[in-house]
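Just below is one structure, and these are the notes that go with it.
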Amino acid sequence: MSQTDPIAELLTRIRNAMHARYNQVELPHARVREAICRVLLAEGFLAGIETAGEGYKKKLILGLRYSPTREPVIRGLQRVSKPSLRRYAGAKEMPRVKGAMGMHVVSTPLGMMTDREARRRKIGGEILLRIW
């Protein structure tokens, strides 16, 4: 299956799985997807990440987190930088999520990181997505 935007597909699969209250979601592996998911895991939005298979059959298995009342931890996901319109920001212009209850995932020369980490390290990059 040909994909034009693997990050948008990742977000859509997570959003749909959370809406259906699945415990995990399985999707084809890509290094950029794995890097984004590692940031989400470190920030507490995902329960776990596993890789399975080899070569073109390699898969990424994500464990989804819910509250004790089975409410999703992830309230919303939004793609910021798209293939048709890229969004970049320097360390000083890095946007903040309203209410400070979410974050942006930023692709920097030092790898994927949160907007807070990018501001702390004083580096800019492409703002890939917003999560709250």
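Nothing in this text is a laboratory measurement; each read-out follows from the coordinates by a stated rule. Bear in mind that the values here come from a model prediction, so they are computed numbers and not experimental data. Cβ placement follows ideal geometry from the backbone for every residue including glycine, while neighbour counts extend to all protein chains displayed.
Could you give the dipole magnitude of region 17-130 about its Cα centre, charging the beta-carbon of Lys and Arg +1 and that of Asp and Glu -1, in debye to the nearest 20? Let's see the in-between values first.
Numbers: 23 positive and 10 negative charges, 80 e Å.
That gives a dipole near 380 debye.
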Quiz item: Pairing the Cα long axis of helix 31-42 with the longest principal axis of the chain, what angle in degrees results, from 0 to 90 and rounded to the nearest 10?
Solution: 80
Quiz item: Taking θ as phi - 60°, what are the ³J(HN,Hα) couplings along region 74-82 by the Karplus curve (6.51, -1.76, 1.60), each to the nearest whole Hz, with x for Gly and Pro?
Solution: 7, 7, x, 10, 9, 7, 9, 8, 10
Quiz item: For labels at Lys58 and Ala35 in the simple 7 Å Cα→Cβ model, what's the distance in nm?
Solution: 1.4
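Taking the radius of gyration and the Kirkwood hydrodynamic radius from Cα positions alone, what is the Rg/Rh ratio for the chain, to two decimal places?
Values: Rg = 14.7 Å, Rh = 15.3 Å.
That ratio equals 0.96.
Please compute the Kirkwood hydrodynamic radius of region 77-131 from all pairs of different C-alpha atoms, in Å with one decimal. Please list the in-between numbers first.
On the way: mean 1/r = 0.0914 Å⁻¹.
It works out to 10.9 Å.
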Quiz prompt | Helical contribution to [θ] at 222 nm, DSSP H n ≥ 4, -39,500 (n - 2.57), averaged over the chain, rounded to 500 | solution = -7500 deg cm²/dmol
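Can you tell me the order of 57-70, 8-21 when each peptide is scored by its average per-residue count of other Cβ atoms within 10 angstrom, highest first? Please list the in-between numbers first.
Details: 57-70: 13.2, 8-21: 16.1.
Result, highest mean Cβ count within 10 Å first: 8-21, 57-70.
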Practice problem: Give me the angle, in degrees from 0 to 90, between the Cα long axis of helix 6-19 and the longest principal axis of the Cα atoms of the chain, rounded to the nearest 10. | Solution: 60
